[in-house]
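S.K.: The structure is given below, and queries will be raised subsequently.
The values are calculated or read from the model by the stated rules, or taken from the named source; none is laboratory data. Keep in mind that this is a model prediction, so the values were computed, not measured. FYI the Cβ positions are ideal-geometry reconstructions off the backbone, even for glycines, and counts take in every protein chain you see. Accessible surface is based on the protein model in full, side chains and every heavy atom, while ligands, DNA and RNA are left aside. Shrake-Rupley method; radii C 1.70, N 1.55, O 1.52, S 1.80 Å.
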Amino acid sequence: MDMSRLSDLRTAEVAPVRHLIDGASCGASDGAEMDVISPLDGRVLTTMAKGTRDDATRAVAAARAAFEDRRWAGRAPAERKKVLLKWADLIEANALDLAVLGVRDNGTEIGMALKAEPLSAAATIRYYAEAIDKIAGEVAPTADGILGLVHREPAGVVAAIVPWNFPLMIGAWKLGPALAAGCSVVLKPAETASLTLVRIAELALDAGLPPGVLNVVCGEGAVVGDALAHSMDVDVLVFTGSGPTGRRLLEASARSNMKRVYLELGGKSPNVVFADAPDLREAAKVSAAGIFRNAGQVCVAGSRVLVERSIDEEFTTLLAEVAQGMKVGDPLDPATNAGAVNSLRQLQQNLAFVEEARGQGRTVLGGRRIHEDTGGYYMEPTIVTGVDPSDRIAQEEVFGPVLAVMPFDTEEEAVALANGTDFGLAAAVWTSDLSRAHRMVRRIRAGVVHVNTYGGTDLTVPLGGVKQSGNGHDKSLHAFDKYLDLKTAWIKLEP
Ligand code: ADP
């Protein structure tokens, strides 16, 4: 990839961002716009259509029309596959432009953004495109005289509400399987990370996706997102974001048409380090990356380290060394390890968590805003020790570069601490004892438990939470379950 274009791209003008509804770029119905602030310098990057409830309704109507006339679902699977593969190629061909645009919008360090955003989105769309003509229904084992067929049919109109930490990656986790299944989609990006999603939706049109099949409505969650959640014409609502918003979406479903709601929410993921971990230095390095990369704005971030007491001091020192050696700052510098916090609001929220811990007498390493002269939103990697399991910092998701460290004495206690929050998204166990590793995998309640690593994954495995981390799965073929309905045909055969 020609990284020499980075400096041109970082200062390139960004045209005002508009909705994409029924294949056409358009502004808000009342003409309203909102500023897009870059977290790199706190300045206005561009403006964006501030969607109205009418815009959301119009987008749902376009998606409904596209679904009912079968302009997409009715096409041969091989044709749909061709369109989606072309779309993936276009995203890949524009990867650097998309990555830099996304970084200027949301602050993720460029190295991670490239891999995790356009390139990951392209890979995801390809994965589901390739699955289109391999997913078949079933013939049921009925008695003679009956033919029982189980069809898998597209679920209809999908509303996808996505967050700002990895808009393309998470967006593609929804769009890939939804579009491959033949659904039509209305996508609502986050206020502070919309630019790249609008751009890839335009690329989908270039790839041959019929107008109306993928619509994007920009604007505020409380307006556009709320309108989609309350729509009587959305069949499935898929969401990644915060717990409080997830709760609102469930309520909205109950108050409207009881649309199916799939939530991927937060976590307070435990990273359990036993004294017999194969390599403590490596464990510290990977654990630090697991919480501090992308300024901690990762739903599966390992935000709690539970460490066996005999190595508590040694491991905390190693963690501190790694944290202090991390380069935090300009996310468009390829040497940066952790970029900007996405918004001033998020930065203030992070700092408030740390202040509260300090006020409770906890020991805080880091914890300050840095590079304030740039106008950007940067925060030191922060380690809080002496934490009590009941502290807010041990129970609630900060969604920032803040790690809470707690010691334990026994495996039993480690399990209790690991499971002692409302969440169940991710976890890790570091140990050389194979039996202990398997015991812990079984006993920790989470969607994924890593062993002797943190955060590795690929498309072949599902991602989803238990408890208040949500329901349903992104990634893997299991993701299709959200977008394909089962329908039985029960046919009486003449003897
Ligand atoms: P965060 O607080 O980290 O920004 P949110 O859950 O608020 O997380 O945001 C995730 C997504 O949910 C964003 O696209 C946002 O616009 C949307 N959203 C926020 N509030 C609502 C709401 N009341 N109804 C529907 N969507 C919402």
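S.K.: Ignoring ligands, DNA and RNA, what percent of the 1.4 Å accessible area of the chain is carbon and sulfur? Provide the component values of the computation, followed by the final result.
M.R.: Numbers: 10320 of 19780 Å².
Heavy-atom surface of the chain belonging to carbon and sulfur, 1.4 Å probe: 52 percent.
S.K.: Going from most exposed to least, what order do Trp490, Trp87 have by accessible area with a 1.4 Å probe? Walk me through the numbers on the way to the answer.
M.R.: On the way: Trp490 170, Trp87 5 Å².
From most exposed to least exposed: Trp490, Trp87.
S.K.: So, for the range 270-458, what is the accessible surface per residue at a probe of 1.4 Å, expressed in square angstrom? Walk me through the intermediate numbers first.
M.R.: Values: 7590 Å² over 189 residues.
Spelled out: the 1.4 Å probe surface of the range 270-458, per residue, equals 40 Å².
S.K.: For Met3 paired with Thr453, estimate the spin-label separation in nm (one decimal), with each label point 7 Å from Cα along the Cα-to-Cβ line.
M.R.: Inter-label distance under the simple model: 2.3 nm.
S.K.: Okay, moving on. Take every Cα pair under 8 Å in the chain that's 6+ residues apart, average their separations, divide by the length, and report that relative contact order as a whole percent.
M.R.: Details: 1164 pairs, mean separation 88.7, N = 495.
For the chain, the relative contact order is 18 percent.
S.K.: Now for a different question. For the range 270-458, what size does the Cα cloud have along each of its three principal axes, sorted from largest down, in whole Å?
M.R.: Principal extents (Cα only, largest first): 51, 36, 29 Å.
S.K.: Between helix 243-255 and the chain, what is the angle of the helix's C-alpha long axis to the longest principal axis, kept within 0 to 90° and rounded to the nearest 10?
M.R.: 30
S.K.: Considering only DSSP beta bridges with both partners in the chain, what is the antiparallel share in %, to the nearest 5? Numbers along the way, then the final one.
M.R.: On the way: 28 of 66 bridges.
Roughly 40 percent of the beta bridges in the chain run antiparallel, per DSSP.
S.K.: About its Cα centre, what dipole magnitude does the range 192-345 give when the only charges are +1 on Lys and Arg Cβ and -1 on Asp and Glu Cβ, stated in debye to the nearest 20? The partial results should precede the final answer.
M.R.: Numbers: 14 positive and 18 negative charges, 92 e Å.
Here the range 192-345 has a charge dipole of around 440 debye.
S.K.: Right, next: So what is the relative contact order for the range 270-458, in percent, with contacts set as C-alpha pairs under 8 Å and at least six apart?
M.R.: Details: 367 pairs, mean separation 54.9, N = 189.
Averaging sequence separation for qualifying contacts and normalising by length gives 29 percent for the range 270-458.
S.K.: I've got another one for you. In what sequence, largest accessible area first, do Lys134, Lys81, Lys487 appear using a 1.4 Å probe?
M.R.: Values: Lys134 135, Lys81 40, Lys487 100 Å².
Per-residue accessible area, sorted high to low, gives Lys134, Lys487, Lys81.
S.K.: Continuing with this model, one more query. Calculated from DSSP H runs of 4 or more alone, at -39500 (n - 2.57) each and per residue, what is the 222 nm mean residue ellipticity of the chain, nearest 500?
M.R.: Values: 17 runs with 183 residues, N = 495.
After summing the helix terms and dividing by residue count, I get -11000 deg cm²/dmol.
S.K.: I need the phi-derived Karplus couplings for the range 427-432: 6.51 cos²θ - 1.76 cosθ + 1.60, θ = phi - 60°, integer Hz, Gly and Pro marked x.
M.R.: For the range 427-432, the Karplus-derived couplings read 6, 8, 10, 10, 6, 9 Hz, x marking Gly and Pro.
S.K.: What nm value, rounded to one decimal, do you get for the distance between Arg281 and Glu396 when each label is placed 7 Å out toward the C-beta?
M.R.: Placing both labels 7 Å beyond Cα along the Cβ direction yields 3.9 nm.
S.K.: Excluding Gly302 itself, calculate the net charge of residues whose Cβ lies under 13 Å from the Cβ of Gly302, where each Lys or Arg counts +1 and each Asp or Glu counts -1. Walk me through the numbers on the way to the answer.
M.R.: Values: positive: Lys268, Lys285, Arg293, Arg304; negative: Glu397.
Net charge in that neighbourhood comes out at +3.
S.K.: Would you work out which of Leu434, Gly447, Ala284 lies farthest towards the positive end of the dipole of the range 270-458? Charges go on Cβ: Lys and Arg +1, Asp and Glu -1.
M.R.: Gly447
S.K.: Rounded to whole Hz and in sequence order, give me ³J(HN,Hα) for the range 344-354 from the Karplus expression 6.51 cos²θ - 1.76 cosθ + 1.60, θ = phi - 60°, writing x for Gly and Pro.
M.R.: Working through the residues one at a time gives 4, 4, 5, 4, 5, 5, 4, 5, 5, 4, 5 Hz.
S.K.: Just to be sure I understand the curve: with the Debye formula and one point per C-alpha of the chain, what is log10 I(q)/I(0) at q = 0.07, 0.10, 0.11 Å⁻¹?
M.R.: Log10 I(q)/I(0), no solvent term: -0.38, -0.76, -0.91.
S.K.: Taking 0.36 nm per residue of separation and subtracting the Cα-Cα distance, what length does fully extending Ser242 through Asp206 add?
M.R.: Values: separation 36, 0.36 × 36 = 12.96 nm, distance 3.30 nm.
Net length gain for the segment: 9.7 nm.
S.K.: What is the extension gain from Glu138 to Glu412, computed as 0.36 nm multiplied by their sequence separation minus the C-alpha to C-alpha distance, in nm to one decimal? List each step's numbers first, then the result.
M.R.: Values: separation 274, 0.36 × 274 = 98.64 nm, distance 4.46 nm.
Contour length minus the Cα-Cα distance gives 94.2 nm.
S.K.: Could you give the length gained by full extension between Glu68 and Asp30, i.e. 0.36 nm per residue of separation minus their alpha carbon distance, to one decimal place? List each step's numbers first, then the result.
M.R.: On the way: separation 38, 0.36 × 38 = 13.68 nm, distance 2.84 nm.
10.8 nm is the gain from fully extending Glu68 to Asp30.
S.K.: In addition: All other residues with a Cβ under 10 Å from the Cβ of Asn215 taken together, and with Lys, Arg as +1 and Asp, Glu as -1, what is their net charge?
M.R.: In short, 0.
S.K.: Here is a further query. If I model a spin label at Leu434 and Ala12 as a point 7 Å from the Cα along the Cα→Cβ vector, what separation in nanometres do I get?
M.R.: Spacing of the two 7 Å Cα→Cβ label points: 5.2 nm.
S.K.: Turning to a different aspect of this structure: Any chance you could check the Cα centroid distance between the range 403-479 and the range 37-102 for me, in angstrom?
M.R.: Each part reduced to its Cα centre gives a spacing of 33 Å.
S.K.: What share of the DSSP beta bridges in the range 270-458 is antiparallel, in percent to the nearest 5?
M.R.: About 20 percent, rounded to the nearest 5.
S.K.: Are there trypsin sites (Lys or Arg not before Pro) in the range 1-64 that DSSP marks as loop and that have at most 13 other Cβ atoms within 10 Å, and which are they? Could you put the intermediate results ahead of the total?
M.R.: Numbers: sites: Arg5, Arg10, Arg18, Arg43, Lys50, Arg53, Arg58, Arg64; in loops: Arg18, Arg43, Lys50.
Answer by residue number: Arg43.
S.K.: Using each residue's phi in the range 5-13, evaluate 6.51 cos²θ - 1.76 cosθ + 1.60 at θ = phi - 60° and report the 3J(HN,Hα) Karplus result to the nearest Hz, with x for Gly and Pro.
M.R.: Those phi angles translate into 7, 3, 5, 5, 5, 5, 10, 4, 4 Hz.
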